[in-house]
Amino acid sequence: MSKPIQIYLDNNATTPCDPRVVDTMLPFFYEMPGNAASRSHPFGWQAEEAVDYAREQIADLLAVSSKEIIFTSGATESDNLALKGAFEMYARKGNHIITLKTEHKAVLDSCKKIEKMGGEVTYLDVERDGRVDLNKLEAAIKPNTIMISIMWANNETGVIQPMKEIGDLCAKHGILFMSDATQAVGKIKTHPKEVGVHLLAFTSHKMYGPKGVGALYVSRKNPRVKVTSQLDGGGHERGMRSGTLNVPGIVGFGKAAYIANKEMEADAARLSVLRDKLENAFKQNIEEVYVNGNTEHRMPHVTNISFKHVEGEGLMMTFNQNVAVSSGSACTSASLEPSYVLMALGLGDDMAVSSIRFSLGRFTTEEEIDQTIKLITDGVNHMRELSPIWEMFKEGIDLDAVEWAEH
Ligand SMILES: *Cc1c(COP(=O)(O)O)cnc(C)c1O
């Protein structure tokens, strides 16, 4: 029996660590074990120097000062620190935050906590294409609004928000602009100063660095922004985030940023060709295929596709020994929950649970895309052959008019 092929098209969940990143990290586990906060011996100095260097590499990627980079354990922590930290810091200015229904749970759940702490949060709908309507956004701003939190690019659909326009709105109304840019940093240009973002959250493991290390960009000039620390301790990271720095992780994160800065344009050009090949092949080979979200303002390596009347989790079982992707539904103990992101785009339950997210990455090859086209096309055909719903649909029966028995 031949070894099953393993094709990884779930790079929005996490990316493999680039081997060049791993090589850079290795000496910091044993040969250079210092604590970056140890000021009295060469081990500490070496570690501090390595952290400073990585901080510069990451700052260069964002075109900001290294003094504006706060290291954390990942984007979840960065989102928590930005939202709760700004809410506490600017309590005298107001208590209202505006965000979108399509944000990551790290943002939505931080906002839920802020509501428990006495804050007021508006969760705005998005348009059918996944983007925010700027007029609706402006209309939601009130005298007590302190911050708008909108992600740069969506993890499920790859849809990119109108960042500059949102930044201009925030500047006009004198409010903070926070962005979870986890899916965008290192893949497309993300310069916070250019678009007017004051707080930017991101993580190493979505850009070919190691897991467990992330950062928050905090603007230091025009305006000078501060966030209240959420962890008490040694006062590391300019008092905003205590805790011994993950030196090997940070060194790897820095190298990942350096590589991304040099290679992201070429990666994006190559991956958008492969992504389009995949998408076009499905549209040609298979009936009733729908791409979810705006396809013009979209990350180059992502496509989210609904195969009508084919339940995504079931479809995945036909090929998941060979191809790793994500479906638009989460298996809870009792049922299939359609993705709240796709529901917010106005998809019905059936189209949401019929969706598959393909996220390509730096190590994806054309051969893998060709194999994926074949495997998924076969899978969809197989599922539809077995499906009475598909048969009824093909016979022209209006499925919405059918009275389904309770079960
Ligand atoms: C992955 C992800 C996160 C969480 O990042 P961690 O580093 O795993 O905590 C937050 N936001 C978005 C948009 C993500 O894709």
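The values are calculated or read from the model by the stated rules, or taken from the named source; none is laboratory data. Note that the structure is predicted; figures quoted are calculated from it, not measured. In this analysis, Cβ positions are derived from the backbone assuming ideal geometry, glycine residues included, and neighbour counts consider all displayed protein chains.
Within the range 65-89, how many residues are of a type in the set (A, V, I, L, M, F, W, C), away from the ligand (no atom under 16 Å from the Cβ) and buried (at least 21 other Cβ atoms within 10 Å of the Cβ)? Let's see the steps before the verdict.
First pass over the range 65-89, keeping only residues of a type in the set (A, V, I, L, M, F, W, C): 69-71, 75, 81-83, 86-87, 89.
Next cut, away from the ligand (no atom under 16 Å from the Cβ) only: 86-87, 89.
Adding the requirement that they be buried (at least 21 other Cβ atoms within 10 Å of the Cβ) leaves 86-87.
So the answer is 2.
Can you say whether residue 213 is modelled with pLDDT of 95 or more, away from the ligand (no atom under 16 Å from the Cβ), in the same structural domain as residue 247 (by TED's automatic domain parsing) and not charged (D, E, K, R), as far as the supplied structure shows?
No.
Being surrounded by fewer than 23 Cβ atoms within 10 Å (Cβ to Cβ), part of a loop (DSSP other than H, G, I, E, B) and under 16 Å from the mean Cα position of the chain (by Cα) is the filter here; which residues of the range 163-193 pass it?
Within the range 163-193, 189 is the sole residue that qualifies.
Quick test for you: out of 27, 16, pick the one residue that is of a type outside the set (A, V, I, L, M, F, W, C), assigned to a loop (DSSP other than H, G, I, E, B) and either within 16 Å of the ligand (Cβ to nearest atom) or surrounded by 14 or more Cβ atoms within 10 Å (Cβ to Cβ) (or both).
Numbers: 27 fails: assigned to a loop (DSSP other than H, G, I, E, B).
Exactly one residue qualifies, and that residue is 16.
Regarding the range 90-97, can at least one residue be identified that is under 22 Å from the mean Cα position of the chain (by Cα) and either away from the ligand (no atom under 16 Å from the Cβ) or surrounded by 24 or more Cβ atoms within 10 Å (Cβ to Cβ) (or both)? Reasoning before the result, please.
The first filter runs over the range 90-97 and keeps only residues under 22 Å from the mean Cα position of the chain (by Cα), leaving 97.
After this cut, where a residue has to be either away from the ligand (no atom under 16 Å from the Cβ) or surrounded by 24 or more Cβ atoms within 10 Å (Cβ to Cβ) (or both) as well, the list is 97.
The answer is yes; a qualifying residue exists.
Give me a count of the residues in the range 176-204 that are out of contact with any Phe, Trp or Tyr (no Cβ under 9 Å at 6 or more places or on another chain) and not aliphatic (A, V, I, L, M).
Of the residues in that region, 6 qualify.
Looking at 228, 244, can you tell me which residue is within 27 Å of residue 25 (Cβ to Cβ) and among the β-branched types (Val, Ile, Thr)?
Values: 228 fails: within 27 Å of residue 25 (Cβ to Cβ).
Of 228, 244, the one residue that is within 27 Å of residue 25 (Cβ to Cβ) and among the β-branched types (Val, Ile, Thr) is 244.
Got at least one residue in the range 308-326 being surrounded by 22 or more Cβ atoms within 10 Å (Cβ to Cβ), among the small types (Gly, Ala, Ser) and modelled with pLDDT of 95 or more?
no
Looking at the range 104-140, which of the residues that are in contact with an Asp or Glu (Cβ under 7 Å, 6 or more places away or on another chain) and not in a helix (DSSP H, G or I) is farthest from the ligand (Cβ to nearest atom)?
Of all residues in the range 104-140, those in contact with an Asp or Glu (Cβ under 7 Å, 6 or more places away or on another chain) come to 104, 106-107, 110, 121, 127, 133-134.
If we keep only those that are not in a helix (DSSP H, G or I) as well, we get 104, 121, 127, 133.
Values: 104: 4, 121: 17, 127: 19, 133: 21 Å.
Per the criteria, the residue is 133.
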